[in-house]
Amino acid sequence: MSLRTTTALLLAVSCFAAPLKADVAGPYLAARQASIAADYEEAVAYFARAVVEDPTNLALLESAVIANIGAGNIGPASRVADSYVTAGGTNPIVMLVKNMAALKDGDFELAAKPAAQTDGLAPLLNGLLEGWALLGKGQMSDATAAFQKVAEEEDFAQLAHYHEALALAQVGDFESADAILSGERNGPLTLSARGLEAHAQVLVQLERSEDAIELLDLVSEGGFNPVLDTLKARIEAGEASEYSFVTTPQEGAAEVLFTISAILQGRAAPELVLIYARLASDLRPDHTQATLMSAELLDEMDQYKLAVDAFSDVPADDPAFFLAEMGRANSLYADAQEDAAIEVLSALSKSHPDTPVVHAALGDYLGRQDRDAEAIEAYTKSLDLRADDDVSAWPVYYARGIVHERMDNLAEMEVDFRKALELRPNQPDVLNYLGYSLVEQQVKLDEALGMIETAVAERPDSGYITDSLGWVFYRLGRYEEAVGPMERAVSLLPVDPIVNDHLGDVYWKVDRKREAEFQWKRALSFDPEEEEAERIQRKLEVGLDVVLEEEAASNQ
């Protein structure tokens, strides 16, 4: 099924092939508007009313299926799919829903029926599902043949081999599974984190725990993965003795759906990716990665309540629980439930006190609420849990430095920013923030200029950094040199009040007073903060020189 084809499936549900009955028009229009906004819960309610009035309208039934999947109502989606098939429909997504419901109930005969589509990802999806359905019928040799047929398509070969290995492991042939996963049989496989998890479990069954640990050690070097780290700890403790990655054909089919969702993520509309992730979770409720993907997609679509519900489906004993809770907090905050978000992270910081990213996330949310002292405390806890040379700590030092600056703790701010730069040299945001702050304090101006020039070189299209360069020239009294970067900053950020105000000040200093007044008026039109607006208005009344004299006198 190509991206064009699958995206068209979603678009098709918005266009009715059959005319609507008069009584259906109102609920349909409301449902369609809700669908466009990805408001699945509201769409489900309206489509339910419309279907009652027009139960054989295929396009209406398609829409109802899609809305129910989005809302996480797979059972109702399946029942509507039955009505759709009875009415003569053949939409591939709706048929997939029906077949997955049958497979979930153990009806492998129906799920194994070959599909008509032969383009795009359809051969991959249908071929892999057919293999798992044949395995469910006890036909292992036919299942193997189905996987190998999919592997004949070069683009699908690695995924087909991967699923064949999972099928072999499911029936206890761990040696053959290892031969595939290790690359011995078909050549090297590029395995995802889930593939590495499966391979490690297979190695344990072959009494090769040390090889499993070595495999997971290589992954750990690339970054933190709670699932793989937990598995490694369990293997080291002798607790991961049973193979649990895929133990039923239904779980294998869930892995197929998750595979498709992972392929489509970032390449297709999130509404489409969500369908496969939701169906995977329905077939295998403990498929944490599918659940997290659904939650993240819903958050991306601004469906925060559904996202919160999905994040909440991850149990507290799951290794990825803290990731789910962090996601839940993010969705709550985005839904204007700031206090609830902070409560979630506060609780998480107590249940996972040794997880640095949890304390850092709590610091971010506290900082956004101007609870600065608490934010500093949270950031400090996060940093105390990290090695002094941990490169990944630089954003935390940077964030804590920003809070220190807001609290007027300028010495502490500088220490944090310089530590961030020690860990991540030439990081443009840090260079810009520290350089700009030094300029505003009118200290270390030459060093500040060097920092900001480096930041501009690192990120030349940043209007804010370019503005900082112009402003440090202004502070140094090098007004002619300030004009070029400040004009470029305005071209990059044409409606920013501060940048326009700065350009006005620079123009004034190079005796381009009419242009200065024009820029100040532009700055006022972009709704600056009240204090800034009053200062700009005063400059328009008496000029910049008088304003600077007045400010100097008031500071004496």
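Ordering V204, V358, V415 by how much accessible area each has at a 1.4 Å probe, largest first, what is the list?
V415, V204, V358
Using a 1.4 Å probe on the protein heavy atoms only, what accessible surface does I263 show? Give it in Å² to the nearest 10.
Per-residue accessible area (I263): approximately 40 Å².
Among 236-245, 291-300, how do they line up from the highest to the lowest mean number of other beta-carbon atoms within 10 Å?
Top to bottom by mean Cβ count within 10 Å: 291-300, 236-245.
Just to verify a number: what accessible area does D389 come out at with the full protein assembly present, 1.4 Å probe, Å² rounded to tens?
It works out to around 120 Å².
Over the stretch 49-159, with every protein chain in place, what whole percent of the accessible area is carbon and sulfur at 1.4 Å, could you tell me?
Of the solvent-accessible surface of the stretch 49-159, carbon and sulfur hold 50 percent.
Just report the Cα centroid separation between the stretch 70-93 and the stretch 294-348, whole Å.
The stretch 70-93 and the stretch 294-348 have Cα centres spaced 29 Å from each other.
Considering only protein heavy atoms and a 1.4 Å probe, what is the carbon-and-sulfur percentage of the accessible area of the stretch 420-556?
Here carbon and sulfur together make up 47 percent of the probe-accessible area.
Step through the residues of the stretch 539-548 one at a time and calculate ³J(HN,Hα) from phi using the Karplus curve (6.51 cos²θ - 1.76 cosθ + 1.60, θ = phi - 60°), rounding each to whole Hz and writing x for Gly and Pro.
5, 5, 7, 10, x, 5, 4, 5, 4, 5
Pairs K149/K305; K232/K381; K305/K521; K104/K305; K232/K350: which are spaced more than 32 Å apart, C-alpha to C-alpha?
Too far apart for the 32 Å limit: K149/K305; K305/K521.
Could you sort S261, S176, S141 by their accessible area in this structure, using a 1.4 Å probe and putting the largest first?
Greatest to least solvent exposure: S141, S176, S261.
Between 0 and 90 degrees, rounded to the nearest ten: what's the tilt of helix 193-205 against the longest Cα principal axis of the chain?
Helix 193-205 sits roughly 50 degrees off the main axis of the chain.
Quick one: with all protein chains in place, what share of the accessible area of the stretch 267-343 is carbon or sulfur, to the nearest percent (1.4 Å probe)?
45 percent
Whole number in Å², please: accessible area per residue of the chain, 1.4 Å probe, ligands, DNA and RNA not counted.
46 Å²
Highest mean first, what order results for 187-194, 167-174 on Cβ atoms within 10 Å?
Highest to lowest by the protection proxy: 167-174, 187-194.
By how many degrees, between 0 and 90 and to the nearest 10, does the Cα long axis of helix 410-423 differ from the longest principal axis of the chain?
Long axis of 410-423 versus the principal axis of the chain: about 50 degrees.
What is the packing order of peptides 491-497, 321-327, taking the mean over residues of other C-beta atoms within 10 Å and listing the highest first?
321-327, 491-497
What value does the stretch 502-556 have for Rg/Rh, both radii from Cα atoms and Rh as Kirkwood defines it?
Looking at the stretch 502-556, the ratio lands at 0.97.
Work out the charge dipole of the stretch 207-264 with +1 on the Cβ of Lys and Arg and -1 on the Cβ of Asp and Glu about the Cα centre, then indicate which of I260, F224, I235 is farthest towards its positive end.
Positive-end residue among those listed: I260.
Charges only on Cβ, +1 for Lys and Arg, -1 for Asp and Glu: so what's the dipole of the chain about the Cα centre, in debye to the nearest 20?
Magnitude of the dipole: close to 1640 debye.
The values are calculated or read from the model by the stated rules, or taken from the named source; none is laboratory data. This one's a predicted model, so the numbers in the text were calculated from it and none came from an experiment. Quick reminder, even Gly has a Cβ in these numbers, built from the backbone with ideal geometry, and neighbours come from all protein chains shown. Side chains are part of the model used for accessible areas, which takes the heavy atoms of the whole protein and leaves out ligands, DNA and RNA. Shrake-Rupley method; radii C 1.70, N 1.55, O 1.52, S 1.80 Å.
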